[in-house]
Amino acid sequence: MKKTAMACLLLLVTFGASARLHADLRLGASAATLGDRHLKLGLRGGATAGYLFNDHFGLRTGLHYAMKGATTSSDLFDYAADRATRLSYLELPVEATVGCRLSPRSRFDLHAGPYIARLLRAEVARTASYTVRKWDAGIGIGFDFAVGHFVVGPEVQYGLLRAASPGDGHNIAYSLTAGYRF
């Protein structure tokens, strides 16, 4: 038992000495839609953790709260209950990152990978003839620009599962977040 504990401790110290681990807290805006409906604005925020294997490649994951949905109104700020679908998700992405250092204090990273999301709350338009599925899964792609401890980045997500039953709409979300990198 002592040998196993010592080996694990040695492994952690070795990885810790060479690790390029970082964590972000982020908050931003999103614009989402379901299929061919109009965009609905919302919030997106959460925590992200990343590990760089070398100067160019790494993995990242996180836990994010995201507001999605759509509206049938062409007015971007019209979210009346009879025209808007409001969805709140808890998302868990797992993404590969490719990037480079621009200077000693700045970095650019491109990230892409799958995500899985659990529906937390759904408010469906009264006139809707569908129900929202509890789970969503899809692909996300975006980039981050970090200067010092501050990071900003846009991202696009495309849900591979149909968001409603019956229906053919997929969650499509565009977001822009800013945050602090530890």
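The values are calculated or read from the model by the stated rules, or taken from the named source; none is laboratory data. Small disclaimer: the values here were computed from a predicted structure and weren't measured. Backbone-built Cβ (ideal geometry, glycine too); neighbour counts: all protein chains shown. To get the accessible areas, we keep the full protein, side chains included, count just its heavy atoms, and leave off ligands, DNA and RNA. Shrake-Rupley method; radii C 1.70, N 1.55, O 1.52, S 1.80 Å.
Structural remarks
- Subset of segment 24-73 [β-branched (V, I, T) and more than 24 Å from T97 (Cβ to Cβ)]: T33, T71, T72
- Residue among R101, R86, R133 that is out of contact with any Gly (no Cβ under 7 Å at 6 or more places or on another chain) and over 24 Å from L52 (Cβ atoms): R133
- Pick from segment 38-63, criterion open to solvent by 60 Å² or more (accessible area, probe 1.4 Å) and under 12 Å from the mean Cα position of the chain (by Cα), ranking: nearest to S88 (Cα to Cα): L43
- Filter result (polar (S, T, N, Q), out of contact with any Gly (no Cβ under 7 Å at 6 or more places or on another chain) and closer than 23 Å to G142 by Cβ) within segment 160-181: none
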